[in-house]
1. In the P(r) worked out for segment 1-102, what percent of Cα pairs fall beyond 15 Å?
2. State the antiparallel share, in %, of DSSP beta bridges confined to segment 115-263, rounding to the nearest 5.
3. Most exposed first by the Cβ proxy, i.e. fewest other Cβ within 10 Å, how do VAL172, VAL125, VAL15 rank?
4. For segment 86-205, list log₁₀ I(q)/I(0) at each q in 0.10, 0.13, 0.15, 0.16 Å⁻¹, using the Debye formula over Cα point scatterers of equal strength and ignoring solvent, two decimals each.
5. Exposed loop sites here are GluC sites (Glu not before Pro) in DSSP loop states with at most 16 other C-beta atoms within 10 Å. What is the longest stretch of the chain lacking them?
6. Which Cα, out of ILE137, PHE74, SER95, lies furthest along the positive dipole direction of segment 1-156 (beta carbon charges, K/R +1, D/E -1)?
7. Tell me the Rg and the Dmax, in Å, that the Cα atoms of the chain produce.
8. For the charge dipole of segment 9-275, defined by +1 on Lys and Arg C-beta atoms and -1 on Asp and Glu C-beta atoms about the Cα centroid, which residue among HIS220, TYR148, ALA273 has the Cα displaced farthest towards the positive pole?
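Where a number appears in this text, it was derived from the coordinates with a stated rule and is not lab data. It should be emphasised that the depicted structure is a prediction, and the values quoted were computed from it without experimental measurement. Virtual Cβ from ideal backbone geometry, glycine too; neighbours counted across all protein chains shown.
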Amino acid sequence: MKKNSNTSYIKFWGVRGSNPTPDSNKLKYGGDTSCVEIRTKNNDLIILDMGTGIRNLGKEIIKDKSYPKEINIFLSHYHWDHIMGFFYFTPLYHSEYTINIYGYNKNTPISLLMDTLINKNFWPVNKKMYSANINFIEMDKVSNNQKYIKINSSSVYYSIHPHPNGTNSFRVETDDKKIVYITDCEHPEGSLNPNVIKIAEESDILIHDSHYTINDLSNHKGWGHSSWKQAVDVAITARTKQLILFHYSPDYDDNQVEVNEKNAKKKFINTIASYQGLTINL
């Protein structure tokens, strides 16, 4: 997206959960998996997750020369639907880019992720073909356990919430706005996770896992996801200004996502169901 000076925005490049879905009845919201771009007034580039949506973002970065040469990517966790776009991210193959990939999981060092992704046994590309300056960064090490990372004038805060093997929530504070990203989150039955409420408190924009309907959630305990109703409850409890539904089940067609959005709006009017290409100016 061509950036005007003194503007900042969020753009959604992938909003689907679990696996990409190219089905014809899912074209309105899109079938690519999680990837959200945040571009600041100072032209810093922060990307949340590397699902298949990052493929088209990478092509746009190469085409649009106004993008910065330093790219900062924050991974919520290392499940495939959040990292499988790595292989198709075109800037990796261009030497003029520095790509910083941040992650944290107490059970899985990011070095293991690096060895898995850059491995010709899993993808027919050897290390020499990745000509960008690629840095895999353990968040806790560079933040000195302060739970935030500075990206020039922006701050990216993180905390852990429940999901199989754990997931990071993110709060990006930039240009006097608070953008919160909570994906793959399973709240305790009958309550909301306190870490999620804390990081989402008084946010301007809350992007929240809305994988299931209320009924479907009850049949998927332990799967690590939320319903649209829980996303609404977090928005109300945390006093957020705008809720963005995100990370839809691959089984839900456009009609079901529309129904979920309609139901959510009845309880929290400032709700939008995200779709590929949705751009919000900050």
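1. 60
2. 60
3. Result, fewest neighbours first: VAL125, VAL172, VAL15.
4. Computed log10 I(q)/I(0) values: -0.39, -0.65, -0.83, -0.92.
5. 1-95
6. Selected residue: SER95.
7. Final numbers for Rg and Dmax: 17.7, 53 Å.
8. Sorting the options by dipole projection puts first TYR148.
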